[in-house]
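Have a look at the structure below, then the notes.
The values are calculated or read from the model by the stated rules, or taken from the named source; none is laboratory data. Since we're looking at a predicted model, the values are computed, not measured. Surface areas here come from the heavy atoms of the whole protein model, side chains and all, with no ligands, DNA or RNA. Shrake-Rupley method; radii C 1.70, N 1.55, O 1.52, S 1.80 Å.
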Amino acid sequence: MRTATVEATSTNVKLDRCVADPILSYGGESAERGGSHGLPLVPQPTERTDDPLNWPRWLKYIVLAQVSVMALLGQFSSAAVNPAFVDLAREFQITTVQASYQTTVASVCTCLQSLMWIPLANVYGRRPVYLLSTLMTGLTALGSARAPSYGALVATRVLNGIGYSAPIALGAGVVVDIFLLHERGRAMGIFAVFLSNGAHLSPIPCGFIAETVGWRWCFYLAAILHGVMFCIMLVALPETLFFRDSKAMSHESPRHSIRSRLALWGFRTPGRSLHWREIYRPFQMAIYPSVILCAIYYSVLNGYASIEFSVTVAATFSQLYGFNAGHLGLSLGLSLLIGSLLGELASGPIMDTIMRRARKRSPTDNIVPEVRLNAIWTGAILVPAGILIYGLTVHFRAPVAVPCAGMAIGSFGLQVIASVTYTYCSDCYKPQTSEVSSLFNVMRQLFGCTLAFYSIPFGNKVGYQWSFTCFAVICIVFFLPIVWLMRRGQAVRERLGKPSFNTSL
């Protein structure tokens, strides 16, 4: 029987008259299903109850909450001790700059180890990787808290960075596993706001903790939080990896209940084994302009609208306003956190609304992911504006509320950009979402590691008003390739084709 089906990919939606596609149906039957907006669901869910796309909404958001909190805790662990560098340096009799090296080492390990976690998750499942990495992060945070020497602290921080890199790299892939195309904007925005704000949140409690009970309790807090999340995920985080390829589905376990996905093991990808070439998969995604241009743009803006504030605020606010560690953590953390939360409230609904309107206007035409990029303009304007406000008001010694407002505005724009770029790339290359997320993470971490070496000396030499003006101009320049993607992205993607790996996910 001939019937209308949906040819669904992560890059377009096309209605056609054809025989049912076995990849988009189950049991040999046509499975076209429509959503509440009267349009076909993309991708088309199977008829199995354990298909994550068929899970009830409450369960999807429970899973989203867990992976989002874990991404936040990863960044939280990375920056937990930052407000206490002076105390740490005094105890181990080193300089404050040397005290910061343990955070740099952890960040470098984070971006490198994420290249290993993704292949493991694609072969053996998301759930075992989340549990293993969370347990590892909690134990190594405990080791950092009890380190008897600075060398021991650096060693435990290396292992700590390896552990918390997993949820940072895998979260976007889980979002794509469980949410339909028209739902991903809001869901990816929620994940992105947690991912972006771990480092913003940690200075608020840890600054006061370091002042009252000592810097070691910054790590004790991280260990306790990871222990709690391990217990929660053990009973409440089902496996989200699902094989839509008809050949892979034929080899899957006959267990089709959601409860069966709480097993600790047993979801290995059929016909696939771990291979060393999986490590460089994220770098293979760099040949696609839609990915590499967004990754570069996001990395640059994350550096100048988030990390740059963190690097300079201690030097500027302590000198201008006489702030101590607790006050520094509060002013920095609250400014960036409030801006990011407001940015998320704006970005997700706007993206989803843009996609729904585009599909209603052209229900029989291709709806390309580049439509989502129309939501990025707000962030592209606000990030340079926030950077300029901060730099100019610090130079002219404005009241503390004004540079804090500049940080909040920059953070608002950065959150919009993070949500749009992550969701756009996942729409373009859904099966490779984890690799795309890993590439974003590697570039973000590597660019951020360089800022501490030149930002303060540059500002001291030319003045913060000129250094931050330079950073704002750089952000504008790197936006121009995104404008080009809005116009030419679809044509370039069609010419380059699709990656050949992860096609069954």
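General observations
- Protein accessible area in the range 275-499, 1.4 Å probe - carbon and sulfur %: 69 percent
- Derived scalar couplings ³J(HN,Hα) [the range 104-113; Karplus, 6.51 cos²θ - 1.76 cosθ + 1.60; whole Hz; x for Gly, Pro]: 4, 4, 4, 5, 5, 5, 4, 6, 7, 5
- With the convex hull drawn over the C-alpha atoms of the range 50-241, the volume per residue is 105 Å³.
- Here the range 275-499 is treated as a Stokes sphere of Kirkwood radius computed over C-alpha pairs; at 25 °C and 0.890 mPa s its diffusion coefficient rounds to 133 µm²/s.
- Carbon/sulfur fraction of accessible area - the range 50-241, other protein chains in place, 1.4 Å, %: 73 percent
- Accessible surface area normalised per residue over the range 50-241 is 31 Å², counting heavy atoms of protein chains with a 1.4 Å rolling probe.
- Take every Cα pair under 8 Å whose residues are at least 6 apart in sequence, average their separation, divide by the length of the range 50-241, and the relative contact order is 40 percent.
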